[in-house]
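Single-structure report; data block below.
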Amino acid sequence: MKDFFKNVGATIVGLLLFTLILGGFAIISIVGMIAGASSDSKPSIPSNSVLVLQMKGQLDERSSSSPFSILNQDQTPPMGLNDILYSIKKAKDDPKIKGIYIENDGFSADPSQLEEIRNALKDYKTSKKWIVAYGDSYGSGSYYLASIADKIYLNPQGTIEWKGIGSETMYVKDALKKIGVSMIVTKVGKYKSATEMYTEDKMSDANREQTMRYISGIWNKWVSSVSESRKISAQQLNAYADRFIESEDPKVFVANKMVDKLLYSDEMKAEVKKMLGLKEDEDISQVTPSQLLSATSSSSNGGKIAVYYASGEIVDQGNPSSIFDEENLIVGDDVCKDMEELMNDDDVKAVVLRVNSPGGSAFASDKMWHAIQQLKKKKPVIVSMSGMAASGGYYMSCGANWIVAEPTTITGSIGIFGMIPDATQLFSDKLGIKFDEVSTNKHSTLGAMGRKMTPEEIGYIQASVDRGYRVFLSRVAEGRHMTVEKVNELAQGHVYLGQDALQIKLVDEMGGINQAIEKAAKLAKLKDYYYEEYPSPLSFLDQLSAFGNKGTYLDEQLREVLGDFYQPFSVLSRIKSQNAIQARMPYFVLYN
């Protein structure tokens, strides 16, 4: 028997050792693959090449830096806005790049991101090089982007979803009532309508007014740009939208000058070969943005400008265990730590803060505002607003030396609300759950699941929200050099487009990330400069340790399955863990 246990023990130890060794070899192999990929000599760009922009999926601010993307041979890692803009700039000056081919493949981006890419392509065209666009179909936004091309091609059975922009808000008050739940809401600002979905049946007049203003502003921008590029009057373009032109025979798009030719993908290849002067049996030299950037040496001469990306919902702390947590969250504590490090880094001469956020925790927003103010004492801080920098996103931005936004950026929404769920009816009437309590003081059990808040306690919460709103106003007044009274007139939770925010001095300049970097160099008095992106990507070991966590691969699958519903459901899933006081956009914006 003793020998039996000895043999069993030896077998178990052997299996454990084998597993560890096998795992070690696997990790070494992965590291070797990544190291091999990164240590290869820089790729050379062949002459007579085409930069291919495959516009696919949801556009993020930065390209993915996951080391596991090298293992995924079936899918192209999604491009980031940063690499797209930089590659277009490089292609303009590279004599080996003869043209840009844009392929639309189910692409989605914020209007301001589309505008930034379109402006970069417009600048590229000054080099007298060509741009062509092809798609099996186009949404309104992707067609707006493609319209800058010299030629637009469409699949013979494809379509263009040219129908205008609409906004739909979901209201869940009655649904919550059916299960015995209601929301106790305190807020400031007649336009601060983020809570309406829980308390109303339809849009308030104020929310309807501001929503109509911003979707009209974006649509008019798209119509005027397409009109200029395609030589079609704005009146005609609106008429096409009103008659639902996407339901008609694709030949109508050629007849109405919206596209130049209907081609299948193999015929599109032949068209590009003609433009390159290639024979039928010759291959097209295609270059991706990542290949072009890898082949280009980055300059590190002059002063360093840090470009810091802050993208996503603002939260006090990260929670990677939630399947609805997005990869990009603005975690207040992390940003404050990063701002301090940038402040103490003598190599960094100026900071560009790239913000793309609908807001979130008011507490975290104020902490980040303070950290940015401390940074600002030592070096210039420029904010570059992307798709949106609203509510908490504007809060953290308002104290910068200079604010740059695109005309279609969504910003403002200066206001605060508090929202606490009341589930007492659910527990008592629906589930038959009873509670009892003891307490030392009058409000000791405030927030407990089993009792309703009293009117007095709701008044306390409202007073806290009012106080937070006054602080928010004072931060904006200080940063924008206005009186608190003037800011209050503009605030009230009102959402603005960037072009309107410029008129009322909530932002300083129209433009994108490049304009912000140029302004940073000017304020830092740098003749020669380069920029570096922050926060730095996680190390390989850090990413390896997080590889199995929820919120990584599973989260991406949920994003794909839920589509437009991903953002609202992700917020609903976090309501319980959110800070009760929020500075958040009143709605999510969806574009086809």
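The values are calculated or read from the model by the stated rules, or taken from the named source; none is laboratory data. Values in this document were obtained by computation on a predicted structure and should not be read as measured data. Cβ coordinates were reconstructed from backbone atoms using ideal geometry, including for glycine residues, and neighbour counts include every protein chain displayed. Each accessible area value is taken on the protein alone, full model and side chains, heavy atoms only, with ligands, DNA and RNA left out. Shrake-Rupley method; radii C 1.70, N 1.55, O 1.52, S 1.80 Å.
A few notes on this one:
- From the list T169, T195, the one residue that fits, being at pLDDT below 90, under 23 Å from the mean Cα position of the chain (by Cα) and more than 21 Å from I218 (Cα to Cα), is T195.
- In the range 227-250, residue farthest from K163 (Cα to Cα) [restricted to those that are outside any helix (DSSP H, G or I) and in contact (Cβ under 8 Å) with a residue 12 or more places away in the chain]: K231
- Exactly one residue out of K122, K128, K92 is of a type outside the set (S, T, Y), on the phi > 0 side of the Ramachandran plot and out of contact with any strand residue (DSSP E or B) (no Cβ under 8 Å at 6 or more places or on another chain): that is K128.
- Qualifying residues in the range 523-538 (those that are open to solvent by less than 60 Å² (accessible area, probe 1.4 Å) and in a strand (DSSP E or B)) - the one nearest to A350 (Cα to Cα): Y530
- For the range 450-466, the criterion of being open to solvent by less than 40 Å² (accessible area, probe 1.4 Å), in contact with a His (Cβ under 7 Å, 6 or more places away or on another chain) and among the charged types (D, E, K, R) is met by at least one residue.
- Close contacts from the range 113-131, counting a first residue that is in contact (Cβ under 8 Å) with a residue 40 or more places away in the chain and in a strand (DSSP E or B) and a second that is among the charged types (D, E, K, R) and open to solvent by 40 Å² or more (accessible area, probe 1.4 Å), with Cβ to Cβ under 9 Å and a gap of 6+ residues or different chains, come to W130/K98; W130/D150; W130/K151.
- Single condition S474 does not satisfy, out of (1) polar (S, T, N, Q); (2) without any contact (Cβ under 8 Å) to a residue 24 or more places away in the chain; (3) touching a Lys or Arg at 6+ places or on another chain (Cβ under 9 Å): (3)
- Failed condition for T440, given (1) hydroxyl-bearing (S, T, Y); (2) under 30 Å from D174 (Cβ atoms); (3) open to solvent by 100 Å² or more (accessible area, probe 1.4 Å); (4) more than 38 Å from the chain's Cα centre (by Cα): (2)
- Selection of the range 174-192 for residues being more than 31 Å from the chain's Cα centre (by Cα), surrounded by fewer than 18 Cβ atoms within 10 Å (Cβ to Cβ) and either aromatic (F, W, Y) or in a loop (DSSP other than H, G, I, E, B) (or both) yields I179, G180.
Residue-wise test of (1) part of a helix (DSSP H, G or I); (2) out of contact with any strand residue (DSSP E or B) (no Cβ under 7 Å at 6 or more places or on another chain); (3) basic (K, R).
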position	(1), (2), (3)
G493	no, yes, no
A501	yes, no, no
V507	no, no, no
I517	yes, no, no
A521	yes, no, no
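- Counting the residues of the range 211-224 that are under 14 Å from T408 (Cβ atoms) and open to solvent by 10 Å² or more (accessible area, probe 1.4 Å) gives 7.
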